[in-house]
Amino acid sequence: MPQKITAAINAQGQLVISGDGVTFELVSTVDPPPVDPPPVDPPPVDPPPVATGHIWVDVATLPGKPRSGRGWNNMYSMAKGDAPGAATVSNQNSMHSAWMQACAYVYAATGDTAFLNKVTTGFKSLVSPSLPIDRALALARELQGYVAAAEGIQLAKVDPDLDAAVKAKFRYFLTCPTTGGGPATLTKSHLDRANNWGTHATAAVLMIARYIGDKTVFDNAIKVFRGFLGDRSSYAGFKFDQPGWEEWQSDSKNPVGINPKNAQIQGHNVDGALPEELRRGGGFEWPLPPTPPTYYPWEAEQGITVSVAVALNAGVDLRPASDWAHLRSIKWLYDVAHWPIVKDDAWQAPVLNWLYPELKLGIPDGGPGKGMAWTEFTHQ
């Protein structure tokens, strides 16, 4: 039997529905508004690197390193011998700064003051007013090792007066006139040259700036180095004026020290290539020869590697700069050119493995480098 339902509007304007024995439920036919999802935490961000108390090597770790194996044996063998000549910043092939590093690290590892005395004697010669100055490249190469040696013996602690004289000399070296051709000063070489002259100069300027505690010099050098790596908005004052300079630049209107990511020339991969060094082996050619036409790329890498490591120890991480320019340059030499590290470039391998653990480079026995040495002991 049909039920009777009554619907009416009451005095309050409400709809009232009633019926005998009937229960009603009001159901909305409109979907409720969407509810915003709860906020999602952003992905974690790697903390910025923290400045260490050291420039090149944490000497406090050296006593705990093994005093055996090729790295130690080669270093100790040089340290226990006599100085290979006098302190020099004019002979770019001198082994004196490498010998000073060896003595400094043996002293730091063993506490044997005989090696300390060798280093302090060397520094007394270095601060001589009559010390000859030659080309900016020689100055840049040798100074890296001398700064490392001063740090290695903690010169400020063992002889504060000598340390003050050394710091004054290091500051002088930044702007003193050079001779023999090339840029007029070490700093000018750092500012003008996007090749091995410039990379070694950059390494020396950064190391000196940290040793003497000059933040302005350090910060300016970092800006210039960013420009070398490919950030022309940071610095674009390098002089590209040597014959054939444009041959290996993927964009000759915007030349850089390291070719940018995905760079090509005539359809060939030059991503990470060093144009200013490759042109010294001749014009652009492909396929690449199995034997390097020049070893200048790896010499330039010596200065780049030192600069990246010194910056990182100062809390400035340049590894990701310009799409990981430094790492790309190493991979180009290994994976594209197939020109691996050899000879006096070998010291870079332990440092590169520290900077970029994924590389896992083999470490050939190559002896001291142009500026730095003994990393098979210090950085392993």
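Each value in this text was obtained by applying a stated rule to the coordinates, not by laboratory testing. As the structure is a computational prediction, the values presented were derived from the model and not from experiment. For neighbour counting, all protein chains shown are included, and Cβ atoms are generated from backbone atoms with ideal geometry for every residue, glycine included.
Nearest 10 degrees is fine. How inclined is helix 69-79 to the longest principal axis of the chain, computing both from alpha carbons? That helix lies at roughly 40 degrees to the long axis.
Please list, by residue number, every one of the GluC sites (Glu not before Pro) in the range 277-380 that is coil in DSSP and has at most 11 other beta-carbon atoms within 10 Å. The partial results should precede the final answer.
Working: sites: E277, E285, E299, E301, E358, E376; in loops: E285, E358.
Sparse-neighbourhood loop GluC sites (Glu not before Pro): E358.
Think of it as helices only: each DSSP H run of n ≥ 4 in the chain is worth -39500 (n - 2.57), and spread over all residues that comes to -13000 deg cm²/dmol at 222 nm. Taking each residue as 0.36 nm, the span from K239 to T216 lengthens on full extension beyond its C-alpha to C-alpha distance by 6.0 nm.
Helix 296-313 and the longest principal axis of the Cα set of the chain meet at an angle near 60°.
Centre-to-centre, using Cα atoms only, the range 324-369 and the range 134-188 are separated by 27 Å. Using r as the Cβ-Cβ distance of D82 and T294, and R0 as 25 Å, what FRET efficiency do you calculate, to the nearest 0.05? Plugging the Cβ-Cβ distance into 1/(1 + (r/R0)^6) gives 0.15. The charge dipole of the range 59-378, taken about its Cα centre with unit charges on the Cβ atoms of Lys, Arg (+1), Asp and Glu (-1) only, comes to about 500 debye.
Counting pairs of Cα atoms in the range 59-378, how many percent are more than 31 Å apart?
28
For the chain, the longest principal axis of the C-alpha atoms and the axis of helix 113-126 are separated by about 80°. The GNM of the chain, with springs linking C-alpha atoms under 10 angstrom apart, assigns the highest mean-square fluctuation among G267, G366, G64 to G267.
Computed log10 I(q)/I(0) for the range 128-203 at 0.14, 0.15 Å⁻¹: -0.46, -0.52, from the Debye equation with unit scatterers placed on every C-alpha and solvent omitted. Ranking V306, L355, A373 by how far each Cα lies toward the positive end of the dipole of the chain (charges on Cβ) leaves A373 at the top. Once the C-beta distance of D335 and D251 is scaled by a Förster radius of 25 Å, the resulting FRET efficiency is 0.70 to the nearest 0.05.
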